[in-house]
Amino acid sequence: MDEEILNGALPEEDLTEDDLTEEEEEEEAPELEAPRFAANTVLNAERQLEASKAVSPKFAQMLSYFIIVFAAAAFGFLLWLYFTVGGRRNLVLAILILPMIGYMIYTRLAMPKKAMQRWEAKLYQNYGVSELHLCTEFYDKAMAQTLQETGELTTEGYSAIREMKETENLFLLRHNAQQWYFVEKTGFTVGTADEFRAFITEHIGG
């Protein structure tokens, strides 16, 4: 028996036209659609805090500032009454208000950072790292985001994107009340941030 046949190969002269056609088809890999835009994003506590400030309700922020200003005004008024009219009660009320003012200021300044520390600790617990790396690609009709640490792929049509917010360093694309896609402005490897802004503005919701 011929050695080539024993090895499982046919001599070239025995190949039919159909065999050659099948081989040519196997060699021709289908062309994938090239992304219009692509960006790498580093998600860490700093970026998370930046995004949280941008997406938190403005009403809640204004209300907290109003309460601080109102409490400070009440404290000043009670002190004025104590020094002009007298009355130990005014002084006691002023002293009681002072810790409340301090706590509200502490909440505004320190609590967001503490929340991010907890977020970072949870991230390290789940993934063993202090930051995540995202690769987001935008096509004509949909976007795809890959979490590089796990290889997890998330795809989304633009009709599911409700709005876009911008911060100094990020584009934030809202999918629902609890989910935002982060795209770093300096991370574009295909396209630019300015071109992407125009593109996504036209495609949001559609």
Next item on the list: Any residue in segment 137-155 that's open to solvent by less than 40 Å² (accessible area, probe 1.4 Å): show its pairings with residues that are assigned to a loop (DSSP other than H, G, I, E, B) at Cβ separation under 9 Å, as long as the two are six or more apart or on different chains.
Entry: Phe138/Pro35; Phe138/Arg36; Phe138/Gly191; Met143/Pro35; Met143/Ile161; Ala144/Pro35
Note to self: I need every pair where a residue in segment 59-81 that is farther than 13 Å from Ile105 by Cβ has its Cβ under 6 Å from the Cβ of a residue that is open to solvent by 60 Å² or more (accessible area, probe 1.4 Å), sequence separation at least 6 or different chains.
What the structure shows: Leu78/Leu93
Checklist line | Looking only at segment 141-173, and only at residues there that are basic (Lys, Arg) and over 13 Å from the mean Cα position of the chain (by Cα), the one that is nearest to Thr201 (Cα to Cα) | finding: Arg162
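Take the residues in segment 118-136 that are in a helix (DSSP H, G or I) and in contact with a helix residue (DSSP H, G or I) (Cβ under 7 Å, 6 or more places away or on another chain); name whichever of them is surrounded by the most Cβ atoms within 10 Å (Cβ to Cβ). It would help to see each step written out before you state the result.
Keep residues of segment 118-136 that are in a helix (DSSP H, G or I), which gives 118-127.
Checking the rest, the ones that are also in contact with a helix residue (DSSP H, G or I) (Cβ under 7 Å, 6 or more places away or on another chain) come to 119-120.
Working: Trp119: 15, Glu120: 17.
Checking each candidate, the answer is Glu120.
Are any residues in segment 150-189 of a type in the set (Ser, Thr, Tyr), under 13 Å from Ala39 (Cα atoms) and part of a strand (DSSP E or B), and if so, which ones? So that I can check it myself, show each step before the final result.
Taking segment 150-189 as the starting set, the residues that turn out to be of a type in the set (Ser, Thr, Tyr) are 150, 154-155, 158-159, 167, 181, 186, 189.
From what is left, the residues that are under 13 Å from Ala39 (Cα atoms) are 181, 186, 189.
Listed by number, the residues that qualify are Tyr181, Thr189.
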Notebook entry, point to check: What residue, among those in segment 27-80 that are basic (Lys, Arg), under 18 Å from Phe182 (Cα atoms) and in a helix (DSSP H, G or I), is modelled with the lowest pLDDT?
Noted result: Lys53
Next item on the list: Quick one: which residue in Thr107, Thr84 is more than 30 Å from His203 (Cβ to Cβ) and under 26 Å from the mean Cα position of the chain (by Cα)?
Entry: Thr107
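The values are calculated or read from the model by the stated rules, or taken from the named source; none is laboratory data. Note that this is a predicted model, so its numbers are computed, not measured. Cβ coordinates were reconstructed from backbone atoms using ideal geometry, including for glycine residues, and neighbour counts include every protein chain displayed. Note: areas computed on protein heavy atoms with side chains; ligands, DNA, RNA excluded. Shrake-Rupley method; radii C 1.70, N 1.55, O 1.52, S 1.80 Å.
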